[in-house]
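Contents: one structure, followed by commentary.
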Amino acid sequence: MKIRLRPIHSCLFAVLTVCAPALAQDDAEKPLVVGGFENQGSITTGYRFTDVTGYRPEFDQLFGLNSGFRLLDFSLFGKAQDGQNRFADGYSLTMSGLGGDPYTSAQLTAHKNRLYDLRVNFRQSHYYFNQNDGTLPNGSDGLTNNHNWATVRKLGSVNLLIHATNNLRFSFNYDRNTRDGMNWTTRSLDYFGSSATWGSFARANPYYVLAPLSENTSRVTGGIDYTHGGWNFHYRLGYQRFEDAINGLNASSPERSINIDDPTTAAELVNGISWTDSRKLSTPVSEFSYTGHITPKLEARGGYIFYRYSGPAALDMSFDGIARTNTGGTADALYAVSVSSRANVTEPNHVIDQGFTYKAREWWSLLLDYRYSRFVVDSNAQFRSVNGLVVATGDTSNQWLVGTHTADFTMVFTPTSSLLVRTGVRYVKSDVEFLDAGIADPTLSKRIKTVWPVASVYYQPSKMLTIRADVDQTTNGTSYTRITPHTDVGGRIVVRVRPIDKFYIEDTAVVRNSTLIDTDYHSAVRSNAFTATYEYNSRVSGFAGFSCDSLFSSDLVSFLRGPVPFTNLAIRDQNVDRVWQVGVRLAPVRRLEINFSGNYVRATGVGEIAGEAPLYGPMSFPYATGSVHYDFPRMGRLALEVQRTYYIEQIVPGNNFGAKLLTIAWTRSF
Amino acid sequence: MDCHSTHLVEAARNPKRVDLSIAQSAFFSVPQLPEENRWLHNSLLKKPQPELCFGCHGNIQAEFALPTHHRVPEGAMKCTDCHNTHGSSNLASLRQNGSETCTNCHTEKRGPFVFEHAAVKVEGCTACHTPHGSVNRKLLARREERLLCLQCHVNPFAANVPHSRLSFQTRGDCTRCHATIHGSNFDANFVQ
């Protein structure tokens, strides 16, 4: 499908109309003086045409760049003329992505020298996720989790810093984080006190439900920073509150579960699901830290952080429909279930750390750091369910007690200005204890001791050559999970060669091997990234890069039942991600510039369990932008951007798409 | 290491810098502040983030080029949102200890919960997610979600999988039913 050009006329008209006042200005270099401020800035507006072929939701998930008029970028900076403004010496306002793009940001700053700094930030990200699982291989539907959403996360903050004296500052901060929007998810209709027969029904039938989200977190803090005689103290005190509420409903009625390959589920229809889930958590915030010199050679640093999360949670749910009355699913009956549960949780956190740096010689420093963190989760919940005439009630209480000691000892050598060597060891001891109704659970309670030697080097023998390298090895006495390695050995080396000032190449190589002999778990990471940058002159420059990142892991898995064999089946996961990158900039004449930048991602490898075909395989993902812009004298910059991208999966082709985008933008400085 | 410039030398040398190395920034029209103002707004950095960081961390730059990634190259986030570049006592120079860095934004994933997923509580988010970028959905460490779960959920070290091999439960993603996998207040199996 070709991009239709007819809307371009209306677009250009719109752009020119918006920019008309700016075009009337004679001199863009001279700042505007308004309200005692010398104001400068720029505005970029434009229109984007988007043409997508194939599976549009995947494009929306990865890019979300739709057609329409946009305020792509706006910046305004003001500097007070000498002595003409009592309230501020300067301010700035920047915005981008307004008008429908998935990422919008805005920042307002103002400052008065030696008095205050104010920053107000806002950014939001739209998330769209819609996995097309109707086209998976093997005729199986519902293989993916069917958790789709169209949500927006908004992050806002206000930070005010007041300089009371040269040594004393006060800060006031307000942060807000929200997430709203539509969420489609699946729920298995299990409940407290359900029978084994009901369990087989619940496991076989996840139902698709609509569950709009509403979450918000607010945080208010005030702080003090004090400096005296080489010592710096920082303290922040505040309060944080989190609330969320999800109200779920069945997507249709009567509704079949997503397990449509099982004929038994055809009769197990749900008529209605009504579900309300809410949670509140609040915590005080207390953070203290300091640094200072005890003697000219001995520096101390430390801190203490305290939080105490606590709050209630509630679940009210009812559902009715038809469910099996035997585990085989050969007989069905109507049901109506209601659930009402309440919970309370608390979690105090303490983190204390103390460190010292001793500068034994000009070329030799010793660093010693210790940290202890502890959190205790104390929770209880009451459950109640009613299925027909059968009422079930119960409660639970449990505790997590986790304390972790971390000690680091490091020596830093700088024998010459071009050589830095760090070597040290980290020791970690973590005590994890889980108590269920006061009784320790041996599976979840463990003491984990880890030794972790590290060495790194930075060497720059000449301006032409820079080498950075590090190597480390962790050894866990006990592994907490099956993929926590007993030993993990890795290293990285980065070499940069700059034979001439205008050209340099850099290569990064990473190797890491992990093993857990108890379960025959192995993983290996091999990564190499190469980049070359060339800047011939101010008019010609280029960049190219290639990286190859491979992961191989293998493990054994067992199932409790099912078709034989079901023990010690090999899991193999192998990813090889290759990324090619290129960028070219040309400015053939003074006001004209041409840019091209692009990536090509190629992922190969499979994840499979022995005896089963892999569900995902090779994937190709190229995307590129070519742009031309021209600076018209006294009028601004006209930019044309052409963008192309494709997403091609070989085994799950239902997600594939191709997209063409054209953006016409105008930038005017003032 | 030399990230800062105390004078406006860089700005004067290259007033209209074009970021060639990050294709996403061109694709998403990352705002290009005038160099003089950009320089002052970003702690006197010689180059803007993430270009400055990618100058030394080429392999990380490649991870951000993968289809699913945190929106750093697009300008919606900065490296310093998560990392303290001057160093910290946390792994990977994170600004906060362990998963607290993640739950600073993903507040809904943070407990405490009545029923904690032990791997999340003890080992943190990176047990399952690769934070910079991934070919896989939701930044998961494995292409198929069930392979990620099955790596741990077999004895020893974790609960055995109670489902049948090659059944509906084990052929698809586990979170179809275990939807509250980060933690639940009402179901020990993370179903509600």
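A few remarks follow.
- Near A:Asn177, once Lys and Arg are set to +1 and Asp and Glu to -1 for all other residues with Cβ below 10 Å from its Cβ, the sum equals +2.
- Across region A:574-581, coupling constants 3J(HN,Hα) worked out from phi with the 6.51/-1.76/1.60 Karplus curve, θ = phi - 60°, read 9, 10, 10, 9, 10, 10, 9, 9 Hz, and Gly and Pro carry x.
- Computing FRET efficiency as 1/(1 + (r/R0)^6) for A:Glu433 and B:Leu91, where r is the C-beta to C-beta distance and R0 is 25 Å, gives about 0.65.
- Over the protein assembly as shown, accessible surface divided per residue gives 45 Å², non-protein components excluded, 1.4 Å probe.
- FRET efficiency for the pair A:Met182 and B:Leu166, taken as 1/(1 + (r/R0)^6) with r the Cβ-Cβ distance and R0 = 35 Å, rounds to 0.55.
- Equivalent ellipsoid of the protein assembly as shown: semi-axes from √(5λ) of the C-alpha gyration tensor, largest first, are 46, 35, 29 Å.
- Our summary gives chain A a relative contact order of 9 percent, counting only alpha carbon pairs under 8 angstrom and 6 or more residues apart.
- Structural descriptor for region B:40-122: relative contact order 14 percent, calculated from alpha carbon pairs under 8 angstrom and at least 6 residues apart.
- Compactness of region A:394-480, taken as the C-alpha radius of gyration over 2.2 N^0.38 Å, stands at 1.74.
- From the alpha carbon centroid of region A:577-641 to that of region A:506-542 is 20 Å.
- Counting protein heavy atoms only, chain A has 61 percent of its accessible area on carbon and sulfur, 1.4 angstrom probe.
- Between A:Leu334 and A:Ala610, the simple label model (points 7 Å from Cα in the Cβ direction) yields a spacing of 5.1 nm.
- Put simply, chains B and A cover up around 10700 Å² of each other's accessible surface, both sides summed, when a 1.4 Å probe is used.
- Shielded residues, region A:500-516 - accessible-area loss of 10 Å² or more between chain alone and all protein chains, probe 1.4 Å: A:Tyr504, A:Glu506, A:Thr508, A:Val510
- Temperature 25 °C, viscosity 0.890 mPa s: under these conditions the Stokes-Einstein estimate for region A:356-396, based on its Kirkwood radius over C-alpha pairs, is 154 µm² per second.
- Out-of-range pairs (alpha-carbon distance over 21 Å; input A:Lys502/B:Lys46; A:Lys79/B:Lys47; A:Lys359/B:Lys47; A:Lys154/A:Lys280): A:Lys79/B:Lys47; A:Lys359/B:Lys47
- Vicinal HN-Hα couplings computed from phi for region A:447-456 (Karplus, 6.51 cos²θ - 1.76 cosθ + 1.60; Hz; Gly/Pro x): 10, 10, 10, 10, 10, 9, x, 9, 9, 9
- Global size of region A:163-314 as Cα Rg and Dmax, reported in angstrom: 26.0, 80
- FRET E, pair A:Ile651, A:Arg590, Förster distance 56 Å, beta-carbon r, rounded to 0.05: 0.65
- Kirkwood radius for region A:510-606, taken over all pairs of different Cα atoms as the inverse mean of 1/r, rounds to 17.1 Å.
- Full-extension gain in nm, A:Tyr127 to A:Arg572, via 0.36 nm per residue minus C-alpha separation: 157.1 nm
- When restricted to Cα atoms, region A:390-437 yields an Rg and a Dmax of 23.6, 80 Å, respectively.
- Share of alpha-carbon pairs per 10 Å distance bin for region A:333-443, given as whole %: 11, 24, 19, 16, 12, 9, 6, 3, 0
- Chain-alone versus full-assembly comparison, region A:96-116, residues with accessible loss of at least 50 Å² (1.4 Å probe): A:Tyr103
- Cross-link reach list, aspartates and glutamates versus A:Lys30, counting only Cα pairs under 14 Å and skipping chain neighbours closer than eight places: A:Glu38
- Mean shadow area of region A:495-563, taken as a quarter of the surface of its Cα convex hull (nm²): 7.9 nm²
- The residue among A:Thr50, A:Val33, A:Gly230 whose Cα reaches farthest toward the positive pole of the charge dipole of the protein assembly as shown, with charges on the beta-carbon of Lys, Arg, Asp and Glu, is A:Val33.
- Cα pair count fraction exceeding 14 Å, expressed as % - region A:438-498: 67 percent
- Across all Cα pairs in region A:286-335, the calculated P(r) in 5 Å bins from zero up to the longest distance comes to 5, 11, 10, 7, 7, 6, 6, 5, 5, 5, 6, 6, 6, 5, 5, 4, 1 percent per bin.
- Summarising the label geometry, the points placed 7 Å from Cα in the beta-carbon direction at B:Asn155 and B:His106 lie 3.2 nm from one another.
- Unit charges at the beta carbon, dipole of the protein assembly as shown: most positive-side option, A:Asn271, A:Asn344, A:Asn167: A:Asn167
- Solvent accessible area, Å² - A:Lys502, 1.4 Å probe, full protein context: 100 Å²
- For B:Asn84, nonlocal amide neighbours, meaning residues 5 or more places apart or on other chains whose placed amide H falls under 5 Å from its own, are B:Leu94, B:Arg95.
- The equivalent ellipsoid of region B:133-192 has semi-axes of 18, 16, 12 Å, largest first, where each one is the square root of 5 times an eigenvalue of the Cα gyration tensor.
- Region A:370-383 - phi-based ³J(HN,Hα) in whole Hz, Karplus 6.51/-1.76/1.60, Gly and Pro as x: 9, 9, 10, 10, 9, 9, 10, 9, 10, 9, 8, 8, 10, 10
- Size descriptors for region A:575-670, from the alpha-carbon set: Rg then Dmax equal 19.6, 69 Å.
- Two-site label geometry, A:Asn271 and B:Asn84: point separation in nm, points 7 Å out along Cα→Cβ: 5.9 nm
- The mean sequence distance of close C-alpha pairs (under 8 Å, at least 6 residues apart), as a share of the length of region A:227-313, puts its relative contact order at 35 percent.
The values are calculated or read from the model by the stated rules, or taken from the named source; none is laboratory data. Note that the structure is predicted; figures quoted are calculated from it, not measured. Reconstructed Cβ throughout: ideal geometry from the backbone, glycine too, with neighbour counts over all protein chains shown. Side chains are part of the model used for accessible areas, which takes the heavy atoms of the whole protein and leaves out ligands, DNA and RNA. Shrake-Rupley method; radii C 1.70, N 1.55, O 1.52, S 1.80 Å.
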